[in-house]
1. Scanning for something away from chain B (no Cβ under 11 Å), at pLDDT below 80 and open to solvent by 20 Å² or more (accessible area, probe 1.4 Å), does the stretch A:85-92 turn up at least one residue?
2. Being of a type in the set (Phe, Trp, Tyr) and at pLDDT below 95 narrows it down to one residue among A:TYR8, A:TYR25; which is it?
3. Within the stretch B:214-249, work out how many residues are within 21 Å of B:LEU9 (Cα to Cα), assigned to a helix (DSSP H, G or I) and either within 14 Å of chain A (Cβ to nearest Cβ) or open to solvent by less than 20 Å² (accessible area, probe 1.4 Å) (or both).
4. For residues that are within 14 Å of chain A (Cβ to nearest Cβ), farther than 28 Å from B:THR36 by Cα and surrounded by 22 or more Cβ atoms within 10 Å (Cβ to Cβ), tally how many sit in the stretch B:95-115.
5. Hey, does the stretch B:60-72 have a residue that's within 22 Å of A:PHE183 (Cβ to Cβ), open to solvent by less than 20 Å² (accessible area, probe 1.4 Å), free of Cβ contacts under 8 Å to residues at least 40 places away in the same chain and of a type outside the set (Val, Ile, Thr)?
6. Pick from A:VAL44, A:VAL36, A:VAL17, A:VAL4: which is surrounded by 21 or more Cβ atoms within 10 Å (Cβ to Cβ), away from chain B (no Cβ under 13 Å) and either basic (Lys, Arg) or out of contact with any helix residue (DSSP H, G or I) (no Cβ under 7 Å at 6 or more places or on another chain) (or both)?
7. What single numbered condition from (1) open to solvent by 20 Å² or more (accessible area, probe 1.4 Å); (2) part of a helix (DSSP H, G or I); (3) under 30 Å from A:PHE50 (Cα atoms) fails to hold for B:ASP187?
Amino acid sequence: MKIVVADYGLGNIFSVVAALSRLNYEVKIDLDGSNVDAADCLIVPGVASFGAGMSRLSATGQAEAILAHSLSGKPLIGLCLGAQMFLNNSDESPEISGLGIVEGRCVSLDTKLGRVPNQGWTLVQQASNIKPDQDDWRHQYFYFSHSYKMEVDDKAAQISTGNLGNENVTATFQIENVAGIQFHPERSGLHGLTFLQNQITTLCSMC
Amino acid sequence: MVFRVIARLDIKPPNLVKGIHLEGFRKLGVPAEFATDYYLQGIDEIMYQDIVASLYERPGLAELVSETASEVFIPISVGGGIRTIEDAANMVRSGADKISLNTACLRNPEIINQIAQQLGSQAVTVAIEAKKLGSSWTAMTDSGREHTGVDVVEWASQLEGLGAGEVLLTSIDQDGTFSGPDYDLLDTVLAVTNLPVILHGGYLTAEQIVISAQQGASGVALASALHYKKITVDEIKQSLLKAGVEVRL
């Protein structure tokens, strides 16, 4: 199975590829959208601001390729900023639109409820409407590093949440072939790698 | 909020080193081996600091970061000699999740936001090297070598507005001494910023770490205590759990 990772110059591409390689996937890097067609599964990572990320994706032509891929029915996974950019917009860069693949938005974390950014390990709980076939990652800690949280509007979306104490954040969402992951599975230890593998497998099994 | 136990590795390429009061550095071994060991013990994060980079006007840990990022699947932060957006972006491309600034941002505070605009503020840590001065603390640069005349508390209060994502607070007076952390410094800085604050310098016992957690630190960065095997990651996390502090297991 060929996994393509979109490199738009602003992600922690190295650690994502390192994690996928550790999981024995065949990985190809895409720089301009031209490799996306051949992908069995496309991963869009991100360590950057929403505005910077979207500007780059538009400039490279990858934005269009990602949109086309999302409509193809093949697995599409967004990691951190990648996931946020699948939504319509973000408080972080209000003047810039997201890819709009999934209805929703990113809103600021509330400084009155806790220290921002949410930087560190957070316990993730799976939503009740998800079939319990991924027991090994529910109620586990994953590494989050973000100042904005995702709000997904689609009621059919399967959502898991991270509990910050005074506030809940969306940890993952999945609608059909598209999954968005707020935390960094590639930086969440061995069970982070297992989670990533399960996510890829689950989406692929739907194709 | 889950409390973080972080391993801080001072690097004089290619060696892991450790000093006292940020000087007199002793060679301790191969950095990647220590990092892997801490990862397997359950450490939450690795922080690499290039202690000579600002002397040579270049950040030099990209290769070490890549090597570590290939084996150690937890967050890696890197600091020392990072001056420009390109320096920061290169470190992230090499596998770093966060970069840390000190000298560069005291000279030019705008660099914090410039880098944050590209990488997001959660990827930008401001490291403060605090030396006691009268009833307050003064900020040092160049790995504790140079005075700036800047008051630490004043500086810390500005960091959120400047776009930083986190504060790494090092007590130069306590560093490497095993005589306990500077609780006053932590209290004072926590009171002036909403950013996560990590305290570094002087830890010897798990109890000291528990107190810092109860004070409100978001985490601790440990060097001597871990490198010289005074305490283990497991002992620290068990103590924190017993005291009701949430940690990642």
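1. no
2. A:TYR8
3. 7
4. Selection size over the stretch B:95-115: 2.
5. yes
6. Details: A:VAL44 fails: either basic (Lys, Arg) or out of contact with any helix residue (DSSP H, G or I) (no Cβ under 7 Å at 6 or more places or on another chain) (or both); A:VAL36 fails: either basic (Lys, Arg) or out of contact with any helix residue (DSSP H, G or I) (no Cβ under 7 Å at 6 or more places or on another chain) (or both); A:VAL17 fails: away from chain B (no Cβ under 13 Å).
So the residue among A:VAL44, A:VAL36, A:VAL17, A:VAL4 that is surrounded by 21 or more Cβ atoms within 10 Å (Cβ to Cβ), away from chain B (no Cβ under 13 Å) and either basic (Lys, Arg) or out of contact with any helix residue (DSSP H, G or I) (no Cβ under 7 Å at 6 or more places or on another chain) (or both) is A:VAL4.
7. (3)
Residues are listed down the side, and each one gets a yes or a no for (1) farther than 25 Å from A:GLN119 by Cβ; (2) surrounded by fewer than 17 Cβ atoms within 10 Å (Cβ to Cβ); (3) touching a helix residue (DSSP H, G or I) at 6+ places or on another chain (Cβ under 6 Å):
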position: B:ALA139; (1), (2), (3): no, no, yes
position: B:SER143; (1), (2), (3): no, no, no
position: B:ASP175; (1), (2), (3): no, no, no
position: B:SER179; (1), (2), (3): yes, yes, no
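The values are calculated or read from the model by the stated rules, or taken from the named source; none is laboratory data. These numbers were taken from a predicted model, which means no experiment stands behind them. No Cβ is skipped: glycine too gets one built from the backbone with ideal geometry, and neighbour counts run over all protein chains shown. For accessibility, only protein heavy atoms count, side chains too; no ligands or nucleic acids. Shrake-Rupley method; radii C 1.70, N 1.55, O 1.52, S 1.80 Å.
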